[in-house]
Structure formats: structure tokens, C-alpha cells
Amino acid sequence: MTSKTPGAPATHGAVLADTAPRTDRPIVELRGAGKAYGNIRALHGVDLAVQPGKVTCVLGDNGAGKSTLIKIISGLHQHTEGDFLVDGEAVRFTTPRDALARGIATVYQDLATIPLMPVWRNFFLGSEMTKGPWPVRRLDIARMKRTADEELRNMGIVLDDLEQPIGTLSGGQRQCVAIARAVYFGARVLILDEPTAALGVKQSGVVLKYIAAARERGLGVIFITHNPHHAYLVGDHFSVLRLGTLELSAARAGITLEELTNHMAGGAELAALKHELAQVGGVDVEALPEPEPQPEPGPEAPAPDTAEPDAALPDTATPDTAAPDMAAPDTSVSDTAASGTVEGKA
């Protein structure tokens, strides 16, 4: 990022995706990536490619591994297996600043904003513009207000008063300010951590509109969400995680909303329980998919050890047949003793 002087063209925080040549090579790519915390494997064998100007949607239930995936890409945690590539180069980030230096920005659910500060202060939070010679540099408030207003308008966000606390904005507007801030400061890949989770229908629509606007500006967007309907509205590629593994990876042209919803909602598991749910009143089991047919077992070959007991029968029968012969002397002895007893009494 380069600073500018008043009256000069705006170059501070220029979006790298606007000037970088468009190629088919993914900006960010994971190949068989995984993360283990000691003996706990949170993520395993995940493949993901983020193309410029595309929205990659990552869906999954709680505990599916979405947060772990975000932490690996954003530089908070390091992967323990597989490869992590940025612009075709294998990388291993040690801090989030390493990811930011490569143009990867993350917008978390808490948005990293201070509710009581004005909108323009939150826009430049941690990267304030200054003016004057050192050591008496001071904030360039007029320039920050002007720049924040321009960038927000470029994203289609029009605010009447940038002095109002950002906490007075709606949830959708705060999300859009955070997205515009990330774009302004050079993001090429924008990771959105469930931006519509706590929003209403109208505010979710506003956020989805700005996700599409970021895509039109050439950014690669990773959209983390629980809602397959929101994902299908803006997504170009869909990845569904389940228990730390990749259950589904499909382009938009290769999957329908119904199929995506079925994978997201655990339709395969519900189908397996269809016969049990049918016994519960008030459950529409007809709407559930049919369970996948299990492969029929082939003709069973005789086990190699099956003949061994049959072959051993003569050997085992010998002691059994000999047992009465061995017991015969005992019987005669008891008979003799019994007769002797009778004779003694006589």
C-alpha cells in the first residue's frame, strides 16, 4: 500500500485484485490438508481451490471443521498434513499478518469493530492515516472520512453520517462496512465467517448483494455458512464438510439446491433412519430420500478351516468310542464288589 497526498490519485489500500492479471490458477489452494491437535484429528484430507472472481461456499454442521479450515487459511493455525498453496507456491503462515501480506483477509462474526466509535474510525481501525512530520504526526481525519465514504459508495453502501457510532447500524450494514474495509486494504481472498448467521431475511439479502459485488471486483470469496439457500444464491462452487472430512465438492452446474440441502442436512443419515421415523406420528417420511441400496453379498466361498473339524472327526471319535471299553473294567469291579457284598450278607 502506498500513501497519497491531497489532490493526488487515490492509491492507498488499492485492491490488488483490480490490478493483478486474471488467470485460471487458484489464488489459494489446499491439497489433502488437515489439522490434528495431539491425538484429535479436526480436519483430514480436505481439497479446496479459490479462484479469482469466484465465490467458494463451505458448508457444514457444528463440529464439521469449518473454523479449523478458516484458521489454517487465515494464518492463525498451521496445517499438519497436506499442502497449502498461495499463487501456486507452498506456504506455511505463522501469524495472521503473513496471510494479510499475501492478500488474505478474514471477516469474523464479531466483525472486529468497536460499537461506540464512528464508522470512519472503525473503517481505518489499526491502519489510521496520519499527516505531519515525525514526532508530531497526527490523524488525518478529513482524509480518512473522505476515503471511507468513497470506498463505501464504491461497494454500494451510502451512509448519511459517518460520525454515527457503528453500533447504531444494522447487522447487515456492519457486515458490509467490514467487507468494504477488507477490500480497500488489499484483500484478494475474502473469508466471510457466517456473515448471515444472526441476520434477518432483508439484512441477509444486503450482505449477499455485497458478496456478489466483491466477486465482480475480482476477489476470490470463501463464504462459510450453515444456510444452503444463501450459499446457492451467490456460490460458484460448493464444499460440504462433515466430521472433519470433505463429503461433497461440486460446481454450481453439477448440483441442485435440493441436493445441496440434502447433503447439508445429513439426508443420507435421515434416509437410513426412515423406517424408524415412520413409526413416529407427525413425521413426513415421504419427503425423505430413499436409503442407498446396500451391495448384495456374493456367493460365500467355503472357509478354508471349515473342513478341518470334519477331517478331525475320526480322531475325536476314537476317544469317545474307546471310553465305554475303558469304563468296562470299572463296571465289572463295581459288579464284583456288589456280589461280594451280597455273599457276605448271605
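Structural remarks
- Whole-percent carbon and sulfur share, accessible surface of region 87-135, 1.4 Å: 58 percent
- Gain on full stretching of the segment that runs from GLU81 to ALA265 - 0.36 nm per residue minus C-alpha separation: 63.4 nm
- Each label point was placed 7 Å from the Cα along the Cα-to-Cβ direction; for LYS209 and ASP160 their separation is 1.8 nm.
- Length gained when the stretch THR256-SER127 is fully extended (0.36 nm per residue, less Cα-Cα span): 42.2 nm
- Overall dimensions of region 139-215 as given by Cα atoms, namely Rg and Dmax in Å: 12.5, 38
- Residues of region 41-55 with amide N under 17 Å of a point placed 7 Å along Cα→Cβ from THR245: 41-48
- Residues whose placed amide H lies under 5 Å from that of LEU43, excluding near-sequence neighbours: LYS35
- Reducing region 168-200 and region 38-93 to their Cα centroids gives an inter-centroid distance of 20 Å.
- Sites ILE114 and GLU150 - FRET efficiency at Förster radius 30 Å, r taken between beta-carbons, to 0.05: 0.85
- The slack between ARG97 and LYS202, meaning 0.36 nm per residue of separation minus the straight C-alpha distance, is 34.4 nm.
- Accessible area per residue for region 200-259 is 45 Å², calculated with a 1.4 Å probe on protein heavy atoms, without ligands, DNA or RNA.
- Cβ-Cβ FRET estimate between ARG137 and ILE40, R0 fixed at 56 Å, reported to 0.05: 0.70
The values are calculated or read from the model by the stated rules, or taken from the named source; none is laboratory data. Please read these numbers as outputs of a predicted model, since none were measured by experiment. A quick note on method: Cβ atoms are made from the backbone with ideal geometry, for glycine too, and the neighbour counts reach across all protein chains shown. When the accessible area is computed, the model is the full protein with side chains, heavy atoms only, and any ligands, DNA or RNA have been set aside. Shrake-Rupley method; radii C 1.70, N 1.55, O 1.52, S 1.80 Å.
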